[in-house]
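The values are calculated or read from the model by the stated rules, or taken from the named source; none is laboratory data. Nothing here was measured: the structure is a model prediction, and the numbers come from that model. Backbone-built Cβ (ideal geometry, glycine too); neighbour counts: all protein chains shown.
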Amino acid sequence: MARTAIQPADMADPRPRYTHGWRVGNTVYVAGQLALDKDGKLVGPNDIGAQTRRVLENMRRILETGGATLRDVVKVTVFVTDIRYREGYGEVRQEFFGATPPASTLVQVAGLAIPGALIEIEAVAVID
């Protein structure tokens, strides 16, 4: 089965630490995404809505580069630094996924890889 690394041209390249995504057959795996701009700088300090929006926009770029869309996402895992961010995340998630969101796991963690990051989301998409 063919495996293709996914690196959108308009996103900072994290390699060799990790790869933004992989397409394996008709499945796209998106690495955990933080709220980073194209230069790798944090967007929306102390704003869960702005950070969630940027994370999901980055995820959309990776999916589209891999031949998928947000509608193809079947599972997300969400890491937040405070469980109280759940509601703010949920409001933005609905904008991106609508009334039929993917299966989801939400976990509170002590911290994320970039200081000031409030949320990280990874995803799996299956292309029909």
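A few remarks follow.
- Enumeration of residues in region 20-45 that are of a type in the set (Val, Ile, Thr) and either out of contact with any strand residue (DSSP E or B) (no Cβ under 8 Å at 6 or more places or on another chain) or under 23 Å from residue 85 (Cα atoms) (or both): 30, 43
- Residue 116 falls short on exactly one of the conditions (1) at negative phi; (2) assigned to a loop (DSSP other than H, G, I, E, B), and that condition is (1).
- Among (1) surrounded by fewer than 14 Cβ atoms within 10 Å (Cβ to Cβ); (2) more than 18 Å from residue 10 (Cα to Cα); (3) at pLDDT 95 or above, the one test that residue 81 misses: (1)
- For region 44-78, filtering for residues that are assigned to a strand (DSSP E or B), crowded, with 19+ Cβ neighbours inside 10 Å and not β-branched (Val, Ile, Thr) leaves 0.
- Residue list for region 20-48, restricted to those being at pLDDT below 95 and of a type in the set (S, T, N, Q): none
- Consider region 99-112 and keep the residues that are of a type in the set (A, V, I, L, M, F, W, C) and loosely packed, with under 10 Cβ neighbours inside 10 Å. The one that is modelled with the highest pLDDT is 110.
- Every condition in (1) of a type in the set (Asp, Glu); (2) assigned to a helix (DSSP H, G or I); (3) in contact (Cβ under 8 Å) with a residue 40 or more places away in the chain is met by residue 87 except one, and the failing one is (3).
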